[in-house]
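Worksheet: one structure, shown below.
Throughout, read-outs are computed from the coordinates displayed, never taken from laboratory work. Source: prediction; values computed, not measured. Cβ placement follows ideal geometry from the backbone for every residue including glycine, while neighbour counts extend to all protein chains displayed.
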Amino acid sequence: MGKPSKFKIPGLILCGFLLSIMEPIVLLISGRDIASALWPMANRSLDITFFLRDWHIELFAFTLFIIPFGFFRSLSATKLEKNLSWIIMGFTFGLILIYFLLNYAYLKDAFVLLPTCLGIILLYSCLIAFEVANYSISEIKFRLSHLGNLASVLVAIWLISPGVSSMAGLLPTPPELDLQEGRYVISTQSYEYPMPEEVAKIQGDYEEGVIFSVYITTPLNVEHKIPLAIILHGFANPFFESYKDWVEELSSRGMAVAFIQYPSDVMPPGYDSYTLVEKDGMSNHPFHVPRVVAIEAAIEHLNATLPDNVDRDHVLVGGHSLGAGYAMIVLDRILDLDWGQESVFVSLEAPYARPSQEDLEIDLSNLPDKFLAHVAISEDDMSVNDCFGVHHHEKLGHGSLLIEVPSDRYGFPRLVATHYLQASETHDTLADWGFYRRVANQAEWLVAGALGNVEMESNAKSNLIDSDDFRYMGKWSDGTDVLQLRTYSDPLNSSQYGHCSNWVGP
């Protein structure tokens, strides 16, 4: 065997490493921040992970085949194969680095099979690159005593080990929720709204290709009046597809749903020189003002485009992350329009701040008697502080319930409550139990109110207020209870969230 040149192997590894991180580097150079630069890879990681979950037994069988195959293949590996193995090792190390960045920021150990798969690829590459089968035991020990080789093998084994029991199907599985499907076939139309000039001229490049619209989804062939839901998206994610499951769950149960796209990438005067203050569920971001101007324009356009059979007296206002903060603004605005005169439901999911600017202060004194609200936070939310939700709950007052969705890493797939639980891309078992079950009952309550069906309305309400059944999250396949929802009717005065009364960010 010929000895490679001094710089050849490090060069091949570096080449593979740079290839793996090329996409986020290009996005960073183009002006994206670190979060948005990693977002495309985060989405792909989710897709791959859900695929691996569905095919975990096949992955286990593949692993049992590929590792011995790699060992024996190293007996006669060609020079090209060995060079490719060094490149693949570098590429895999880059993906491992990105995975751990994503895991710290978003995933919180929810996806055990993705690092396992990377470990399998890394170990196979090590077998070929190190030509393990061509050495005696003493030579293998000597060769692996080189720090780089030893580290590569140990990293591969470390990545693979936690996923072995999951791949083999030895862990308990989570419960599937038998959630009855909606009654109606639905249709979605988008309506571009005129962006106010003062907002259009300060928009950034990130959302340059977005045609800001109101997406209206309605059930077909409904002869009676239907309630209205208004949904607002999170920061830098104005895409209908990310909230499609939420919208369709509501609409298929008899609601008209308006998904409002608003610009989050705006650069108003002072955007780069202000001092951020976060307090009492609010923040002083200068970005709030133009975003609210755009949202108000969207609501005006929505009012003119809603179908005639929409009943504005029964309304749901919901939002995710930054959109949850603006849902509070929308709630104030629709009450000024005399919408929601009969019943209102507010759904704030993983909420961030509402505006603290004096002219954006909200008045909720004219909420109807039939008012309910869910303010939901996730145990492993790394993006927003829980105290925003606690203060929103306090502002909403009587009829609101703070809900904490717990993480349960007992079996496989792990049930980890992250900031993105409500996004269609992360729709899993935990989302069904902790989110979509609530969404279905929210729709039932509002539809029953619009129909004047007192019994149906009462039954739906019982599924929306605190109870043992409400908190129940099912059982793992071995009979162990899944960790239940944690609920608070007065979180600001609780031992868990009492610190929020004095919390000031960032």
Please give the Cα centre distance for segment 462-506 versus segment 152-223, rounded to the nearest Å. 24
So which of Lys225/Lys370; Lys279/Lys395; Lys201/Lys244; Lys201/Lys395 end up more than 22 Å apart by C-alpha? Lys201/Lys244; Lys201/Lys395
Note down the relative contact order for segment 242-323 as a percent, whole number, built from C-alpha pairs under 8 angstrom at least six residues apart. 24
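Rounded to the nearest 5, what % of the DSSP beta bridges within the chain are antiparallel ones?
40
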Test item: Cα-centred dipole of the chain, Lys/Arg +1 and Asp/Glu -1 on Cβ, debye: 2940
Going fewest to most other Cβ atoms within 10 Å around each Cβ, Val310, Val330 line up as Val310, Val330
For Leu18 and Ser501, extending 7 Å from Cα along the Cα-Cβ vector and measuring point to point gives, in nm, a value of 5.8
Quick check: net charge around Leu415, other residues with Cβ under 13 Å of its Cβ, Lys/Arg +1 and Asp/Glu -1? -3
At 222 nm, what value in deg cm²/dmol follows for the chain if DSSP H runs of at least 4 each add -39500 (n - 2.57) and the sum is divided by all its residues, to the nearest 500? -13000 deg cm²/dmol
Does segment 8-167 come out rounded, prolate or oblate, given a ≥ b ≥ c as the square roots of the eigenvalues of its C-alpha gyration tensor, rounded meaning a/c under 1.5 and, failing that, prolate meaning a/b above b/c? oblate
Per the Kirkwood formula over distinct C-alpha pairs, the hydrodynamic radius of the chain in angstrom is 25.1
Mind checking the angle between helix 288-305 and the chain's longest principal axis? C-alpha axes, 0 to 90 degrees, to the nearest 10. 60
Count the lysine pairs in segment 8-167 whose Cα atoms sit under 27 Å apart, keeping only pairs 8 or more residues apart in sequence or on different chains. 5
On Cα atoms only, tilt of 56-73 relative to the major axis of the chain in degrees: 20
Distant-in-sequence amide H partners of Glu278 (H built 1.01 Å from N, under 5 Å): Gly505
Lys/Arg +1, Asp/Glu -1 at C-beta; the chain dipole; positive extreme among His427, Ile299, Asn459: His427
Point-to-point label distance, Arg183-Leu75, nm (Cα→Cβ direction, 7 Å offset): 6.9
For the Cα atoms of the chain, what angle does the longest principal axis make with the long axis of helix 79-102, in degrees from 0 to 90, nearest 10? 30
Listed with the fewest Cβ neighbours within 10 Å leading, Ser187, Ser74, Ser365, Ser36 appear as Ser365, Ser187, Ser36, Ser74
By the scheme Lys and Arg +1, Asp and Glu -1, what is the net charge of all other residues having a beta-carbon under 12 Å from that of Leu102? +1
Karplus 3J(HN,Hα) series, Hz, for segment 310-321 with 6.51 cos²θ - 1.76 cosθ + 1.60 (x for Gly, Pro): 7, 9, 6, 7, 10, 9, 10, 10, x, x, 10, 6
What whole-number distance in Å separates the alpha-carbon centres of segment 300-327 and segment 403-459? 20
